[in-house]
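Heads up: the structure comes next, in structure tokens.
The values are calculated or read from the model by the stated rules, or taken from the named source; none is laboratory data. Just so it is clear, the structure is predicted and the values come from calculations on it, not from any experiment. Here the Cβ positions follow ideal geometry from the backbone for every residue, glycine too, while neighbour counts run over all protein chains shown. For accessibility, only protein heavy atoms count, side chains too; no ligands or nucleic acids. Shrake-Rupley method; radii C 1.70, N 1.55, O 1.52, S 1.80 Å.
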Amino acid sequence: MLLALASGYDRSAATWAARHGAALLTPADLSVAGWRYHAGISGPDTAVAGGEVIAVERIEGVLTRLPYVSPVELGHIVETDQEYVAAEMTAFLLAWLTRLPCPVINRPTSSWLCGPAWPPERWVWTAARLGLHVRPVHRQARLDGPPAEEEIGNHTLVTVVDDRWFGSVPESLGRQARRLAVAAGTSLLAVQFDGAEPDAAVLGADPWPDIAPAEIADAVAAYLMHGSLC
Amino acid sequence: MLILLWGVASEAPLAAVREALERQGAPVAMLDQREMLDTTIDIRVGAGEVGGAIRVRDQRIDLAAVTGVYVRPYSAAELPSVTAAGPASAAWRHVLAVEAILYSWLELTPALVVSRPEAMGTNNSKPYQLELIREAGFCIPETLVTTEPEAARDFWDRHGDVIYKSVSGVRSIVSRMRPEHAARLANVSWCPTQFQRYIAGREHRVHVVGDEVFACEVHSEADDYRYPGEQPVEIRACTLPREVEDRCRRLATALGLPVAGIDLRRHHDGAWYCFEVNPCPAFIYYEHAADLPISTAIARLLAGGAEASAPTPS
């Protein structure tokens with residue numbers, strides 16, 4: 001069985017789940033009796049998705065589309081506790097997603113449940129260390145100055161799903177995007193280039209790309225069902 | 001060589017490290033959070049380049065010249081000048097922007113950073129960190145995180161003596177389960193709640209600073225000696241078995257922390273349990289109580305200069 005972890009307001013995740021027969025796991029499911037997570041002791045681990053209790057061993061793959069649990073999603077919790085409960089749920093999901101033995105796309109990092117929450121300069125820095133062509137990033141913060149961040153502006157997108165990539169670019173750019181995804185430890189990544197030419201420069205990347213295009217949605221599901229696509 | 005200190009200048013650990021650096025004659029630049037509204041920052045990152053500068057009124061700090069950083073900031077939103085201005089203000093946005101750029105630079109600079117933000121993040125989830133602790137070779141207490149009241153009750157029945165504590169780093173106080181808590185077990189269905197077998201034994205606090213290890217024993221009957229109530233607490237310096245010291249060093253290294261505060265307990269059967277690693281320990285309490293030169297060691301580590309500590313793409 002596949003799961004999609006997402007906000008209760010995320011229509012694209014709900015659409016993906018419906019298309020691929022996956023159960024939708026939203027923050028509301030973390031307020032349902034049935035979760036069991038053991039550490040330092042063996043025991044039957046269970047989860048809750050769509051209000052149903054599931055043995056963790058039945059889960060074949062998880063798509064993560066929730067960077068953290070927001071207090072906004074916890075209307076069923078008394079208002080003064082919403083922020084605390086949101087932090088507790090986020091912390092729990094970090095541990096749970098990290099230890100799942102099945103494919104998880106993307107695995108969480110200590111700061112974000114969907115993968116690395118890197119700013120553009122970290123992507124550019126990583127790409128440069130891989131020897132890829134990059135456009136330098138300049139960020140500044142002045143109380144009386146212009147916006148703190150340069151806009152990426154027009155760009156060409158390459159979306160990586162494990163071993164595959166999608167985008168109207170030469171093979172060499174697709175391979176570069178994949179190298180960046182591997183370096184970042186992500187299976188799902190949209191890489192922004194400043195053009196579609198072979199010498200295009202990396203501008204940044206996003207581990208939370210649009211999964212609405214059918215070919216990307218299907219590739220994500222195939223990866224979760226079968227592991228590596230190649 | 002230049003050591004950058006970031007936080008509130010009067011905060012005890014930061015002030016102690018600054019004093020120790022000045023005693024050692026190391027050049028120090030203080031970035032005081034109380035001056036954030038007078039602070040500007042810019043960074044530039046490209047092929048082979050991580051540069052930029054911080055300006056606070058007339059002072060300019062060249063980020064490329066920084067060889068060591070000690071990081072102890074409060075949340076920007078807690079600063080009085082920012083709180084007073086409110087979330088819709090330009091001041092609020094500015095302080096958050098400065099903070100975001102600084103955090104980003106801390107991940108990329110080749111300087112020695114105590115500690116990089118991503119490494120400090122492991123403490124945001126105790127069960128997540130517990131797995132890393134186990135992988136480093138320490139015993140960990142039997143743990144259940146659950147929304148199932150019956151599962152919590154079964155765990156309590158099986159282990160007899162059980163504590164509960166937060167899953168995240170928020171409101172992190174350890175409490176023993178007592179009979180009067182039974183009626184509240186139904187509440188766990190609202191939020192995953194963490195229970196652990198109580199491990200009887202002598203509590204130890206260990207500070208790892210680079211290769212140096214400073215250990216002390218904690219003598220207290222409180223459930224959580226950091227919040228002892230009326231219970232007395234005594235802290236005494238001690239020496240750990242060599243193998244346990246090495247395990248502490250390995251754990252700090254595995255978590256990417258040049259400085260770490262490690263909570264251990266030696267069980268009556270001799271096993272060493274580890275409960276948590278504080279990535280940004282407020283060590284002053286232990287330094288004073290057990291006469292341990294922790295701030296001097298941190299200063300020495302920082303003055304030791306840059307190392308190849310920047311994250312490397314795999």
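For this structure, a couple of remarks:
- Relative contact order (%) - criterion: Cα under 8 Å, at least six apart; region: region A:2-105: 27 percent
- Percent of beta bridges antiparallel (DSSP, region B:17-157, rounded to nearest 5): 80 percent
- In Å², nearest 10: area of B:F214 left accessible to a 1.4 Å probe: 20 Å²
- If you sort A:W123, B:W92 by accessible surface, 1.4 Å probe, largest first, the order is B:W92, A:W123.
- Ranking B:M30, B:M1 from most to least accessible surface, computed with a 1.4 Å probe over the protein chains only, gives B:M1, B:M30.
- Mean-position separation - Cα centroids, region B:195-271 and region A:167-230, in angstrom: 45 Å
- Applying the Karplus relation 6.51 cos²θ - 1.76 cosθ + 1.60 with θ = phi - 60° to region A:86-94 yields 3J(HN,Hα) values of 4, 5, 5, 5, 4, 4, 5, 4, 4 Hz, where x marks Gly and Pro.
- Amide H contacts of B:L112 (H built 1.01 Å from N, under 5 Å, at least 5 apart or other chain): B:G68, B:V69, B:A306, B:E307
- Where only DSSP H runs of four or more residues are counted, chain A gives -9000 deg cm²/dmol as its mean residue ellipticity at 222 nm, each run worth -39500 (n - 2.57).
- Axis angle, to the nearest 10 degrees, between helix B:126-135 and the longest C-alpha principal axis of chain B: 90 degrees.
- Across region B:225-251, the residues whose backbone nitrogen lies under 12 Å from the label position 7 Å along the beta-carbon direction of B:A282 are B:226-227.
- Under 5 Å from the amide H of A:V134 lie the amide H atoms of A:V202, each residue being 5 or more positions distant or on a separate chain, with H modelled from the backbone and absent for Pro and chain starts.
- Inter-chain neighbour count for B:158-169: the average number of beta-carbon atoms from partner chains within 10 Å of each residue's beta-carbon is 2.
- Here region A:120-206 is treated with +1 on each Lys and Arg Cβ and -1 on each Asp and Glu Cβ, and its dipole about the Cα centre works out to around 300 debye.
- For chain B, the longest site-free run once GluC sites (Glu not before Pro) in DSSP loop states with at most 13 other Cβ atoms within 10 Å are removed: B:1-220
- Neighbours of A:R36, meaning other residues whose beta-carbon lies under 9 angstrom from its beta-carbon, give a summed charge of -2 when Lys and Arg score +1 and Asp and Glu score -1.
- Working note: Karplus 6.51/-1.76/1.60 with θ = phi - 60° gives region B:84-90 the couplings 5, 6, x, x, 8, 7, 5 Hz, where Gly and Pro are set to x.
- Residues B:E135 and B:D62, FRET efficiency given R0 of 41 Å [Cβ-Cβ distance, rounded to 0.05]: 0.55
- Cα-based shape type of region A:120-206, given that a ≥ b ≥ c are square roots of the gyration tensor eigenvalues and the cut on a/c is 1.5: prolate
- Stretching A:D144 away from A:T15 to a fully extended chain increases their span by 42.1 nm, per 0.36 nm per residue minus the current alpha-carbon distance.
- Positive-end residue, region A:2-105 charge dipole about Cα centroid, Cβ charges, pick of A:P103, A:G8, A:Q82: A:P103
- Rounded, prolate or oblate (a/c below 1.5 giving rounded, otherwise prolate when a/b exceeds b/c) for region A:2-105 by Cα gyration tensor: oblate
- Electrostatic dipole magnitude of chain B [Cβ: Lys, Arg +1; Asp, Glu -1; Cα centre; debye, to 20]: 180 debye
- Loop sites by DSSP among the trypsin sites (Lys or Arg not before Pro) of chain B, restricted to those with at most 16 other Cβ atoms within 10 angstrom, leave B:58-170 as the longest stretch without any of them.
- Relative contact order computed over chain A (Cα-Cα under 8 Å; 6+ residues apart), in percent: 17 percent
- Here the label points at B:S220 and A:H226, each 7 Å from Cα along the C-beta direction, are separated by 5.7 nm in the simple model.
- Neighbouring partner chain Cβ atoms per residue of A:20-32, average, 10 Å criterion: 1
- Listed residues B:V50, B:V71, B:V162, most fluctuating in chain B (Gaussian network, C-alpha, under 10 Å): B:V50
- Region A:19-34 - phi-based ³J(HN,Hα) in whole Hz, Karplus 6.51/-1.76/1.60, Gly and Pro as x: 5, 10, x, 8, 8, 9, 10, 10, x, 4, 5, 7, 10, 10, 4, x
- Mean per-residue shielding of peptide A:127-139 is 4, counting Cβ atoms of other chains within 10 Å of each Cβ.
- Amide H contacts of A:A49: A:I54, each under 5 Å away and 5 or more positions distant or on a separate chain (H built 1.01 Å from N in the peptide plane; Pro and chain starts excluded).
- Beta bridge orientation in chain A: antiparallel %, DSSP, nearest 5: 65 percent
- Looking at the protein assembly as shown, the DSSP beta bridges with both ends there are about 75 percent antiparallel.
- Range of Cα positions in chain B per principal axis (Å), largest first: 63, 48, 45
- The protein assembly as shown shape via C-alpha gyration tensor axes, a/c threshold 1.5: oblate
- Paramagnetic label reach from B:E234 (point 7 Å along Cα→Cβ; backbone nitrogen cut-off under 15 Å): within region B:275-289, residues B:289.
- Calculated [θ] (222 nm, deg cm²/dmol) that DSSP helices of n ≥ 4 give over chain B, each run adding -39,500 (n - 2.57): -8500 deg cm²/dmol
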